[in-house]
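Below is one structure; the comments refer to it alone.
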Amino acid sequence: MGLTIGVDIGGTKIAAGVVDESGTILSTSKVPTPPTPQGVVDAIADAVRSCGEGVGAEAVGIGAAGYVDDKRATVLFAPNINWRHEALKDKVEQRVGLPVVVENDANAAAWGEYRFGAGAGHEDVVCITLGTGLGGGIVMGGRLYRGRFGIAGEFGHIRIVPDGLLCGCGSQGCWEQYASGRALVRYARQRASASPDAAAVLLSLGDGTPEGVDGRHVSAAARQGDPVAIDSFRELARWAGAGLADLASLFDPAAFIVGGGVSDEGDLVLEPIRKSFRRWLVGSRYRPHAQVLAAQLGGRAGLVGAADLARQG
Ligand SMILES: [Zn+2]
């Protein structure tokens, strides 16, 4: 199969792109994400048509935030769009006239990194995506591991702190409450509130108050050497690395790939993640260590991965 189309459904926009066999995006189109499930189907069809017009693409892969069933057809549940047993595959196939594969967005991103990014050359990789929350994907023996019901790799809701912070999922102490973009902002606000003088750079980037600090401010301040912003990244990294050590006990991968907006900061966040990983890895001195690598495809991973999964059929 030659060209396929990948679709990435984000909170604010839906991106579609024509992707070739080497993982290169040849053309893209973007539309705003509508508020209703029917609107989303229409928007996906529009985006696919507008980037795929006349190029002879053969299949469509859709990366969607949510639980996607074992047939890769129905979104069972999604936290952001009001999908409850949404038959996305059938609906989009009817609209675009091409075979459609639906995949969880973090799984699609993991597959993209495995095929064309940081995971290339390895057969066993585990990806975490540190975005607003924490997503995960597992590739074992060169295959995307989806579990019996399609829901494997939802690492964000592993309970890493018993009776810890309340999570949007209704549980407490979930990993994503401690290692995610949202957690980073919380750390920065707490620290800026406790030591406003030390956080001068950070606070000057927002409206001057700890509540006015957002994720972009923390990144920018860290790059300028703001100690509070750097310490906030380190706190996030400590939790991320500790969780990866647990995942090594479960999966023993060759490499962990860390993606999502937070990973854009490179070694500022990757080095402390590696350090924490080594600290918490059981039998650390007596075993080979998985590499902890930065993702390479950035925001394209989900789209490229979804297109490649559609190609694989
Ligand atoms: Zn949770």
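Derivation of every value follows stated rules applied to the coordinates shown; laboratory data play no part. The shown structure was predicted, so the numbers you read here are calculated from the model rather than taken from an experiment. In this analysis, Cβ positions are derived from the backbone assuming ideal geometry, glycine residues included, and neighbour counts consider all displayed protein chains.
Only four residue types carry charge here, +1 at the Cβ of Lys and Arg and -1 at the Cβ of Asp and Glu. Report the dipole size of the stretch 122-295 about the Cα centre in Debye, rounded to the nearest 20.
Result for the stretch 122-295 is approximately 480 debye, rounded to the nearest 20.
Taking only the alpha-carbon atoms of the chain, what semi-axes of the equivalent ellipsoid follow from 5 times the gyration tensor eigenvalues under a square root, in whole Å, largest first?
33, 23, 18
Normalised by the number of residues in the chain, what is the relative contact order in percent for Cα pairs under 8 Å and 6+ residues apart?
It rounds to 21 percent for the chain.
Farthest toward the dipole's positive end in the chain, which of 134, 35, 283, given Cβ charges of +1 (Lys, Arg) and -1 (Asp, Glu) about the Cα centre?
Highest projection toward the positive end goes to 283.
Build a GNM of the chain with springs between Cα atoms under 10 Å: which of 208, 117, 283 gets the top mean-square fluctuation?
Answer for the Gaussian network model of the chain: 283.
Where Rh is the Kirkwood radius over the Cα pairs of the stretch 122-295, the temperature 20 °C and the viscosity 1.002 mPa s, what D in µm²/s does Stokes-Einstein return?
It comes out at roughly 130 µm²/s.
Beyond 18 Å, how much of the Cα-Cα pair distribution for the stretch 1-144 remains, as a whole percent?
Tail fraction, whole percent: 55.
Can you tell me which of 217-223, 74-80 comes out highest on packing, and rank the rest after it, using the mean Cβ neighbours within 10 Å?
Most protected by this proxy first, the peptides run 217-223, 74-80.
Could you give me the ³J(HN,Hα) list for the stretch 227-238, computed from phi with Karplus coefficients 6.51, -1.76, 1.60 and θ = phi - 60°, whole Hz, x at Gly and Pro?
x, 5, 5, 5, 5, 5, 4, 5, 5, 4, 5, 4
Please list, in order along the stretch 301-311, the HN-Hα scalar couplings obtained from phi with the Karplus expression 6.51 cos²θ - 1.76 cosθ + 1.60 (θ = phi - 60°), rounded to whole Hz, x for Gly and Pro.
4, x, 5, 5, x, 4, 5, 6, 5, 5, 5
Using 7 Å Cα-to-Cβ label points, what is the residue 13/residue 224 separation (nm, one decimal)?
It is 2.7 nm.
Suppose R0 equals 45 Å; then what is the FRET efficiency for residue 163 and residue 24 from their Cβ-Cβ distance, rounded to the nearest 0.05?
According to the calculation, E is roughly 0.40.
Give, rounded to the nearest 20 debye, the magnitude of the charge dipole that the chain has about its Cα centre when Lys and Arg contribute +1 at Cβ and Asp and Glu contribute -1 at Cβ.
Roughly 520 debye, rounded to the nearest 20.
Quick one: length gained pulling residue 209 to residue 49 fully straight, 0.36 nm per residue minus the C-alpha distance?
53.1 nm
Roughly speaking, what is the stretch gain from residue 216 to residue 58, that is 0.36 nm per residue apart minus the C-alpha to C-alpha distance, in nm to one decimal?
53.0 nm
Give me a comma-separated list of calculated 3J(HN,Hα) values for the stretch 145-161, in order, Karplus coefficients 6.51, -1.76, 1.60 applied at θ = phi - 60°, integers in Hz, x for any Gly or Pro.
3J(HN,Hα) across the stretch 145-161, in whole Hz: 8, 9, x, 5, 10, x, 10, 5, x, 7, 5, x, 10, 5, 7, 8, 10.
Rounded, prolate or oblate: which fits the stretch 203-313, taking a ≥ b ≥ c as square roots of the Cα gyration tensor eigenvalues, rounded meaning a/c under 1.5, else prolate when a/b beats b/c?
oblate
What does the helix-only formula give at 222 nm for the chain: each DSSP H stretch with n ≥ 4 adding -39500 (n - 2.57), the total divided by the residues, and the result rounded to the nearest 500 deg cm²/dmol?
That calculation yields -12000 deg cm²/dmol at 222 nm.
From the residues 165, 258, 74, which one has its Cα farthest along the dipole of the chain in the positive direction, the dipole being from +1 and -1 charges on Cβ of Lys/Arg and Asp/Glu about the Cα centre?
Positive-most Cα among the choices belongs to 165.
Determine the percent antiparallel among the DSSP beta bridges restricted to the stretch 122-295, to the nearest 5.
Beta bridges within the stretch 122-295, antiparallel portion: roughly 55 percent.
For residue 101, enumerate residues with amide H under 5 Å from its amide H, sequence gap 5+ or separate chain, H modeled in the peptide plane.
Correct list: 60, 61, 62.
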